[in-house]
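The values are calculated or read from the model by the stated rules, or taken from the named source; none is laboratory data. A quick note: this is a predicted structure, and the numbers were derived from the prediction, not measured. Backbone-built Cβ (ideal geometry, glycine too); neighbour counts: all protein chains shown.
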Amino acid sequence: MMLILGLESSCDETAAALITGDRQILAHRLAGQEAAHRPFGGVVPEIAARAHVEALMPLIEGALSDAGVSLGAVDAIAATAGPGLIGGVMVGLVTGKALAHAAGKPLIAVNHLEGHALSPRLTDPALAFPFLLLLVSGGHCQLLLVEGVGAYRRLATTIDDAAGEAFDKTAKLLGLGFPGGPAVEQAALAGNPYAVPLPRPLKGSAEPHFSFAGLKSAVSRAVDTGQWSAEDIAASFQQAVVDCLLDRTARALDRAGDATALVVAGGVAANQAVRAALEGLATQYGLRFVAPPLWLCTDNAAMIGWAGAERFAAGLTDPLDIAARPRWPL
Ligand code: KG4
Ligand code: ZN
């Protein structure tokens, strides 16, 4: 059975996983860096890169030992090659190259977004191409028609901030700490989603693009008035994001006639209100709804290993001199 070592280091999670071609996750080790970045209220690239250097090799050794295999048993090494914070991406990619060279194994340079895009197929073997993917993370907010491995048609993107970024900034404005998404979701549970009047940027516009900068400014003004509780602002903000995601995704579905399923992936896909709303939309369109388990939504190495497995099965490997890319659209 094909065995892939997956490495992830593009933001603030360091991770290593061993994935088989028939979807078994033999090992997955992950080290978060929240504590190191919390005092700064966001991810500090230099601190992240240093933390990846310290964490990565022990995680790889731990994953190999969990799976009870040696590096020699691996068929290929898949590492995130971008997009992301370049220092961190280089740590993972250079480590992947070194291991590939030492063990005489092929290297697969994985686009982190492709990792998110194919992750739902790791846990759902029935998910067939093409499917409409809403990719919502801290750095991205896109609608993609996933037609096959390496075949991604981008139908929409954000014209300013990503949805996760808006969650993180709202959390900061409300003093809820870092990382913001889960904190806002938690606070929203105790609030009224219709208490604070907030805009739904681009809702109803013809192109299915996203915009969250205006929403963020409106949250900032709402906080400044001192008129509402943090819970009501959190709930109203989350409802505004959900309304935008739904409206924009519906517009894309109108153009994705042959899609077999509506799929959501990326860190914001861990949000229960987002998941529930999209599930309702899929039902309305008579489509299957697929969302990976929560741990597979936020950054991890299993999705990089799986994207590596899909690429390896398609005969796609990369030369050892391939460059790390801070920007790399799918
Ligand atoms: O995919 P991811 O782990 O990293 C990137 O590639 O960006 O996504 C992280 C983003 C952060 O902005 C985080 O606040 C958001 O996903 N996030 C959430 C939730 N969990 C993580 N946003 C809303 N609700 C959540 N439960
Ligand atoms: Zn990500």
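Assorted remarks:
- Residues being in contact with a Ser or Thr (Cβ under 7 Å, 6 or more places away or on another chain) and within 16 Å of ligand 2 (Cβ to nearest atom) - total across segment 31-57: 2
- Residues of segment 1-30 that are of a type in the set (S, T, N, Q) and assigned to a loop (DSSP other than H, G, I, E, B): Ser9, Ser10, Gln24.
- Considering residues of segment 129-157 that are surrounded by 23 or more Cβ atoms within 10 Å (Cβ to Cβ) and of a type in the set (S, T, N, Q) only, the residue farthest from ligand 2 (Cβ to nearest atom): Gln142
- From the list Ala270, Ala313, the one residue that fits, being away from ligand 1 (no atom under 12 Å from the Cβ) and among the aliphatic types (A, V, I, L, M), is Ala313.
- Condition check for Phe237: surrounded by 22 or more Cβ atoms within 10 Å (Cβ to Cβ), closer than 23 Å to Gln142 by Cβ and in contact with a Lys or Arg (Cβ under 8 Å, 6 or more places away or on another chain): no
- Candidates in segment 1-33 are the residues that are hydrophobic (A, V, I, L, M, F, W, C) and free of Cβ contacts under 8 Å to residues at least 60 places away in the same chain; of these, the one that is farthest from ligand 1 (Cβ to nearest atom) is Met1.
- Only listed residue being within 16 Å of ligand 1 (Cβ to nearest atom) and either within 19 Å of Asp22 (Cα to Cα) or within 17 Å of the chain's Cα centre (by Cα) (or both), chosen from Val146, Val74, Val69, Val110: Val110
- Gln142, sole failed condition from (1) under 30 Å from Ala234 (Cα atoms); (2) touching a helix residue (DSSP H, G or I) at 6+ places or on another chain (Cβ under 7 Å); (3) in the same structural domain as Thr283 (by TED's automatic domain parsing); (4) in contact (Cβ under 8 Å) with a residue 60 or more places away in the chain: (2)
- Unmet criterion (only one of (1) within 16 Å of ligand 2 (Cβ to nearest atom); (2) crowded, with 24+ Cβ neighbours inside 10 Å; (3) not in a loop (DSSP other than H, G, I, E, B)) for Ile60: (1)
- Some residue of segment 97-106 being crowded, with 24+ Cβ neighbours inside 10 Å and not hydroxyl-bearing (Ser, Thr, Tyr): no
- Within segment 39-68, the set of residues being of a type outside the set (A, V, I, L, M, F, W, C) and farther than 22 Å from Gly139 by Cα comprises Glu54, Pro58, Glu61, Gly62, Ser65, Asp66, Gly68.
- Some residue of segment 248-256 being more than 16 Å from ligand 1 (Cβ to nearest atom) and either modelled with pLDDT under 95 or in the same structural domain as Leu113 (by TED's automatic domain parsing) (or both): yes
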